[in-house]
Structure formats: C-alpha cells, structure tokens
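Working notes for the structure below.
The values are calculated or read from the model by the stated rules, or taken from the named source; none is laboratory data. Quick caveat, the model's predicted, so the values are computed rather than measured. Methodologically, a virtual Cβ is constructed for each residue, glycine included, from the backbone with ideal geometry; neighbour enumeration extends over all protein chains shown. Side chains included, ligands, DNA and RNA excluded: accessible areas come from the protein's heavy atoms. Shrake-Rupley method; radii C 1.70, N 1.55, O 1.52, S 1.80 Å.
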Amino acid sequence: MDIRVEELIDTAERLVSFTCPLGAAWGRWRGKSIPTAGIHLVEFDIPGDIGALSKAEGDAAIIGNYQSGSILIRGELESLDEDGVAGIRIATDIMLIDAPSSADHFQVGELVEFTADGIDIYPYSV
C-alpha cells in the first residue's frame, strides 16, 4: 500500500504518523534507514495479539493517533485458516493477523474490525 509519511514522531523508536487511502494513523517504521516525509510503498504487520474481531459497518479504514495509543483497522475477512491465521483485506492489500477466538463467528466476506496497539510498517520496492 502507498502511504505518505507525514511526521517522524520519535526518532529513537522510529515512530511515524502517516496518511493513506484508508485514513490516518501511526506506526513503527521497520526499514533499514530513518524514514523521510513523503510517499512510500509499504506492507503492514500487527505485532502481538489483538483482543477481538467485531462486526463492522462502513468502509475499510486504518484510523488512529499516537496520543490515543490504539489503531482501528476495518476490512473484509478474506480468509480464516484452521491454524488461526486470518487475512483481512484492506483496500487492495491483505493483512495477516493471528485470529482471536472470536474470529470463528465470522464468515469469509464479512466486514470486520479490530483495534491494535500499533502497526509495524515495512517499506519495500518493486
């Protein structure tokens, strides 16, 4: 996904604020160098566990600010494997998460949302 890094919030922790087609949020930059403001092609990863999936309404979204400490992620349940990995489609990308037990109540294709304590941002080039 293309994101626009807006600001380096914390240099030591490599925390950045960003905007993307799905909203505005913050995350930890996992690239080799300190990020610069501007557009970057990235992949997202959710570190750690999420509490629960909830049924959602509306459009896919990534919304959160650093002060709140959490990020709302909303997308379509793309897949749910028996080993507990769920794929969440957010725009054209799929984010893989360790699915909480509440994921068993949803069908592939449903719109779901969850909150995360942060997002890891991995830049890549094609």
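Quick rundown of the values:
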{"read-out": "Test: Ala52 is among the aliphatic types (A, V, I, L, M), modelled with pLDDT under 95, open to solvent by 60 Å² or more (accessible area, probe 1.4 Å) and not in a strand (DSSP E or B)", "value": "no"}
{"read-out": "Residue check, Glu82 open to solvent by 40 Å² or more (accessible area, probe 1.4 Å), more than 19 Å from Met1 (Cα to Cα), touching a residue at least 40 places away in the same chain (Cβ under 8 Å) and over 15 Å from the mean Cα position of the chain (by Cα)", "value": "no"}
{"read-out": "Of the criteria (1) over 26 Å from Ala103 (Cα atoms); (2) without any contact (Cβ under 8 Å) to a residue 24 or more places away in the chain, which one Ser68 fails", "value": "(1)"}
{"read-out": "The stretch 85-99, residues that are open to solvent by less than 80 Å² (accessible area, probe 1.4 Å) and in contact (Cβ under 8 Å) with a residue 24 or more places away in the chain", "value": "Ala86, Ile88, Arg89, Ile90, Ala91, Asp93, Met95, Ile97, Ala99"}
{"read-out": "One residue from Gly23, Gly84, Gly58 being at pLDDT 95 or above and on the phi > 0 side of the Ramachandran plot", "value": "Gly23"}
{"read-out": "Hits in the stretch 100-124 - residues which are of a type in the set (Gly, Ala, Ser) and either surrounded by fewer than 16 Cβ atoms within 10 Å (Cβ to Cβ) or assigned to a helix (DSSP H, G or I) (or both)", "value": "Ser101, Ser102, Ala103, Gly109"}
